[in-house]
Amino acid sequence: MKTIYHAADSRGDANHGWLKSRHTFSFANYHNPERVGFGALRVINDDFVIGGQGFGKHSHRNMEIISIPLSGKLAHGDSIGNEGVIETGEIQVMSAGTGITHSEMNGDDAEAVRFLQIWVIPNKMDVAPRYQQVHMGDIMRPNEFSQVLSPKADDAGVCIHQDAWFSMGGFDEGVSQTYQLNNPNNGVYVFVLSGEVVINDKVLSTRDGLCIWDIQSFMMDTTVASRVLVMEVPLFM
């Protein structure tokens, strides 16, 4: 097993007043030559947006963009006719493909929204833009890594144009669980949403990240109740 540890406080930091964001990988004004992504995983932004504010209309091309609200709600609108709200407990994906314009606003005038926005480089360029949104409550199982994203349209969760799998889990204190890679040539990025876990004798606390590769599976132990996101992606494009 090979690993690279990313402490929560080592991430890029942006404070625009209405928006506070932490960047795991180089993004916008944060540039770190040692943090330009992990294989097909290009962006993990941990965003906090105050009530009534958000990102106005802007464009993307040829990127798989995943949004996961962690608290509050996120209002979405785009140029292919989708309008709605992404609630906490849901996952949304937008395949930008040939080009799409969208906005992401706080869906509440008072309560802040905290959400992850994750970018994955696709394995197909210039596809027709698409949108998908799924409630994860129907597929999450306690104390297990539950798949919420895959390359297959008929599989659990949302699908993207890449041989990638995301899994989330809520784990009680003292649980040991094994993650089995779907493709042993892939790498895994473990992101601790809350709590504290141990992988390969490395302690990971809230918002810490760990790159893992050169394995077929790994075991995770929880020292307190924890929520974890696992992102399995191709390492070589």
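The values are calculated or read from the model by the stated rules, or taken from the named source; none is laboratory data. Keep in mind the model is a prediction, meaning the values are calculated, not measured. Please note: Cβ atoms are built from the backbone with ideal geometry, for glycine as well, and neighbour counts cover all protein chains shown. Remember, those area values only see protein heavy atoms, side chains included, never the ligands or the DNA or RNA. Shrake-Rupley method; radii C 1.70, N 1.55, O 1.52, S 1.80 Å.
Exactly one of (1) closer than 27 Å to G169 by Cα; (2) under 17 Å from the mean Cα position of the chain (by Cα); (3) in contact (Cβ under 8 Å) with a residue 24 or more places away in the chain is unmet by A112. Its number?
Exception for A112: condition (2).
Would it be correct to say that G81 is farther than 29 Å from P234 by Cβ and either of a type in the set (S, T, Y) or surrounded by fewer than 19 Cβ atoms within 10 Å (Cβ to Cβ) (or both)?
In short, yes.
Mind counting the residues in the range 87-135 that are of a type in the set (D, E, K, R), open to solvent by less than 50 Å² (accessible area, probe 1.4 Å) and in a strand (DSSP E or B)?
Within the range 87-135, residues that are of a type in the set (D, E, K, R), open to solvent by less than 50 Å² (accessible area, probe 1.4 Å) and in a strand (DSSP E or B) number 2.
For the range 7-19, give me the residue count where each residue is within 22 Å of L204 (Cβ to Cβ) and open to solvent by 10 Å² or more (accessible area, probe 1.4 Å).
Of the residues in the range 7-19, 6 are within 22 Å of L204 (Cβ to Cβ) and open to solvent by 10 Å² or more (accessible area, probe 1.4 Å).
Taking the criterion of being open to solvent by less than 50 Å² (accessible area, probe 1.4 Å), at pLDDT below 95 and farther than 27 Å from G195 by Cα, would at least one residue in the range 22-35 satisfy it? Before you say what the answer is, go through the steps one by one.
Initial filter on the range 22-35 (open to solvent by less than 50 Å² (accessible area, probe 1.4 Å)): 23-26, 30, 32, 35.
Those left that are additionally at pLDDT below 95: none.
The answer is no; no qualifying residue exists.
Which of (1) more than 25 Å from E232 (Cβ to Cβ); (2) open to solvent by less than 60 Å² (accessible area, probe 1.4 Å); (3) touching a residue at least 40 places away in the same chain (Cβ under 8 Å); (4) not β-branched (V, I, T) does G39 not meet, given it meets every other one?
Going through (1) more than 25 Å from E232 (Cβ to Cβ); (2) open to solvent by less than 60 Å² (accessible area, probe 1.4 Å); (3) touching a residue at least 40 places away in the same chain (Cβ under 8 Å); (4) not β-branched (V, I, T) one by one, G39 breaks only (1).
Report every pair of residues separated by at least 6 positions or lying on different chains whose Cβ atoms are under 9 Å apart, first residue within the range 7-21 and part of a strand (DSSP E or B), second at pLDDT 95 or above and basic (K, R).
G12/R22; G12/R35; D13/K20; D13/R22; A14/K20; A14/R22
Pairs needed: first member in the range 117-141, under 23 Å from F48 (Cβ atoms); second member anywhere, assigned to a strand (DSSP E or B) and among the polar types (S, T, N, Q); C-beta distance under 6 Å; at least 6 residues apart or different chains.
Listed pairs, sorted by first residue: Q117/N45; Q117/S67; Q133/Q92.
Does the range 52-68 hold any residues that are open to solvent by 20 Å² or more (accessible area, probe 1.4 Å) and either assigned to a strand (DSSP E or B) or modelled with pLDDT under 95 (or both), and which are they? Spell out how you get there, then give the answer.
Here is the first cut: in the range 52-68, the ones open to solvent by 20 Å² or more (accessible area, probe 1.4 Å) are 52-53, 55-63.
Matches in the range 52-68: G52, Q53, F55, G56, K57, H58, S59, H60.
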